[in-house]
Amino acid sequence: MTNSEQMHETGRGVVAVIPTYCEVESLPGLLSRVHAVLPELSVLIVDDSSPDGTGEWVREQMESDSRLHLHTRPAKSGLATAYVEGLGRALEMGFDYLIQMDADASHRPEDLPKLLVRAAGPDHPDMVIGSRWVPGGKTNGWAPWRVALSRAGNAYINFWLGTRIKDATAGLRVHKASWLRETGILDKVSTVGFGFQVEMTTMAEAMGAAIVEVPITFDERELGESKLSGSIFVEELVMVTKNGIKRKFSRRKK
């Protein structure tokens, strides 16, 4: 079996970085599903000192499960910083591929093997995005207005920022560790919340990254409470508009 076959069949050489805040209800089931499809996959939980005991639960499991790792932060500090710290820690740990995914099971663990297969493809892409909006991708449990809002948001991003990615807001991704190290892209992140996904996508494109999209099914959260809020959407809207205007004016000056 080749290294790439081992990677996408067992999870060897790969780590999933999962930020958490009050996810003690959803995390046990998620990890069970993850290791059902990728038995050797390492998982790094980035916990913002959850008051519901998420971090404590992970520590208890670590005593008997060497695949689990925990990075604890002193307080809730935003999704972007959680991913930057988590991915940075994963790079220090020496993994070849880094998965980023949500803790609420909206990203199906069963989709991970096909993302890893694509990451190990002959063209060796730098980033593989699990996409809702390419052919074959879909959502489960979303109202029509939410589908329309997400599609419109991505169209808005495409217009202002010029990205070719259909689902720039997607949170399920596989990063090639060597590319993250070589570019130092994590040090350039300026967002705090969910705008991280868009910022990483557009910065990676500008740096010449090879980015591909793989269709996935995105499930509505069943356990716990959603972290989405109006302020998150405002942050992303402002970031996209501001950077889009800057981009268009800079092109005119040329």
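The values are calculated or read from the model by the stated rules, or taken from the named source; none is laboratory data. Keep in mind the model is a prediction, meaning the values are calculated, not measured. In this analysis, Cβ positions are derived from the backbone assuming ideal geometry, glycine residues included, and neighbour counts consider all displayed protein chains.
Structure values in brief
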| read-out | value |
| --- | --- |
| Pair list, Cβ < 6 Å and 6+ apart or interchain, from segment 27-39 residues that are under 18 Å from Glu60 (Cα atoms) and in contact (Cβ under 8 Å) with a residue 40 or more places away in the chain to residues that are aliphatic (A, V, I, L, M) and assigned to a helix (DSSP H, G or I) | none |
| Where a residue in segment 175-186 is more than 10 Å from Tyr97 (Cβ to Cβ) and at pLDDT 95 or above and its partner, wherever it lies, is among the aromatic types (Phe, Trp, Tyr) and surrounded by 16 or more Cβ atoms within 10 Å (Cβ to Cβ), with Cβ under 7 Å and at least six apart | none |
| Pair list, Cβ under 7 Å, 6 or more apart: segment 151-170 residue in contact (Cβ under 8 Å) with a residue 24 or more places away in the chain, other residue crowded, with 19+ Cβ neighbours inside 10 Å and of a type in the set (D, E, K, R) | Ile165/Glu213; Lys166/Glu213; Asp167/Arg132; Asp167/Glu213; Ala170/Arg132 |
| Subset of segment 134-154 that is basic (Lys, Arg) and in a helix (DSSP H, G or I) - its residue that is nearest to Ala210 (Cα to Cα) | Arg151 |
| Which listed residue is over 15 Å from the mean Cα position of the chain (by Cα) and closer than 24 Å to Leu112 by Cα, from Gly184, Gly162, Gly141, Gly153 | Gly141 |
| Identity of the residue in segment 187-197, buried (at least 19 other Cβ atoms within 10 Å of the Cβ) and under 19 Å from Ala210 (Cα atoms), that ends up modelled with the highest pLDDT | Gln197 |
| From Ala210, Ala170, residue being of a type in the set (Gly, Ala, Ser), modelled with pLDDT of 85 or more, in contact with a strand residue (DSSP E or B) (Cβ under 6 Å, 6 or more places away or on another chain) and closer than 24 Å to Asp111 by Cβ | Ala170 |
| Segments classed as strands (runs of 3 or more DSSP E), wholly inside segment 40-119, with at least 3 members that are touching an Asp or Glu at 6+ places or on another chain (Cβ under 7 Å) and closer than 19 Å to Val24 by Cα | 68-72 |
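Table: residues versus (1) crowded, with 19+ Cβ neighbours inside 10 Å; (2) under 19 Å from Met200 (Cβ atoms); (3) in contact with a Phe, Trp or Tyr (Cβ under 9 Å, 6 or more places away or on another chain).
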site: Val34; (1), (2), (3): yes, no, no
site: Val43; (1), (2), (3): yes, no, no
site: Thr54; (1), (2), (3): yes, no, yes
site: Asp65; (1), (2), (3): no, no, no
site: Ala80; (1), (2), (3): yes, yes, yes
site: Leu87; (1), (2), (3): yes, yes, no
site: Asp102; (1), (2), (3): yes, yes, no
